[in-house]
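Here's the structure, in structure tokens; my notes come after.
The values are calculated or read from the model by the stated rules, or taken from the named source; none is laboratory data. Only a predicted model underlies this, so the values are computations on that prediction, with no experimental measurement involved. All Cβ positions, even for glycine, are placed from backbone atoms using ideal geometry, and neighbour counts span all protein chains on display.
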Amino acid sequence: MIRKTVVSEKEVVLKLTDLSTEEVRTEFQKYLDEVSKGQFKIITLDLSDITAMLSSLLGKILMFRKKTLEQDLVFQIKGCSEELFKVFQSIKLDSVLSIQR
């Protein structure tokens, strides 16, 4: 499940709570597309309820990061578990994206 919270007119948070079904993974892409086209300049991905992630979702995050760079948007990850942070470190995502545990 994905919950979208508008923090301000310029900031939005996408909180992921369950990524176990294909439907949710498709919904995740729709949310990413939606917030990148909107008025938001700061996009936060809250992973505090996620301990593991499929490689296909990591790919979506990497592509989204590229898109936000091209559009001069701030993209950050918060609430990252220690296990997931290690995965992000292994692919060097922590060196190109703000990731808070």
Please go through (1) more than 12 Å from the chain's Cα centre (by Cα); (2) polar (S, T, N, Q); (3) modelled with pLDDT of 90 or more for residue 51 and return the number of the only condition it doesn't satisfy. (3)
Can you tell me which of 2, 42, 50 is farther than 14 Å from residue 84 by Cα and in contact with a Leu (Cβ under 7 Å, 6 or more places away or on another chain)? 2
Does residue 83 satisfy being more than 21 Å from residue 8 (Cβ to Cβ) and at pLDDT 90 or above? no
Output for the stretch 54-67, where each listed residue is assigned to a helix (DSSP H, G or I) and either under 14 Å from residue 88 (Cα atoms) or under 11 Å from the mean Cα position of the chain (by Cα) (or both): 55, 56, 57, 58, 59, 60, 61, 62, 63, 64, 65
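Matching residues to (1) without any contact (Cβ under 8 Å) to a residue 12 or more places away in the chain; (2) surrounded by fewer than 18 Cβ atoms within 10 Å (Cβ to Cβ); (3) in a loop (DSSP other than H, G, I, E, B):
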| site | (1), (2), (3) |
| --- | --- |
| 4 | no, yes, no |
| 13 | no, no, no |
| 19 | no, no, yes |
| 24 | no, yes, no |
| 28 | no, no, no |
| 35 | no, no, no |
| 40 | no, no, yes |
| 44 | no, no, no |
| 48 | no, yes, yes |
The stretch 68-90: number of residues that are of a type outside the set (Val, Ile, Thr) and assigned to a helix (DSSP H, G or I): 10
Is it the case that the stretch 78-98 has a residue that's surrounded by fewer than 18 Cβ atoms within 10 Å (Cβ to Cβ), in contact (Cβ under 8 Å) with a residue 12 or more places away in the chain and under 16 Å from residue 31 (Cα atoms)? no
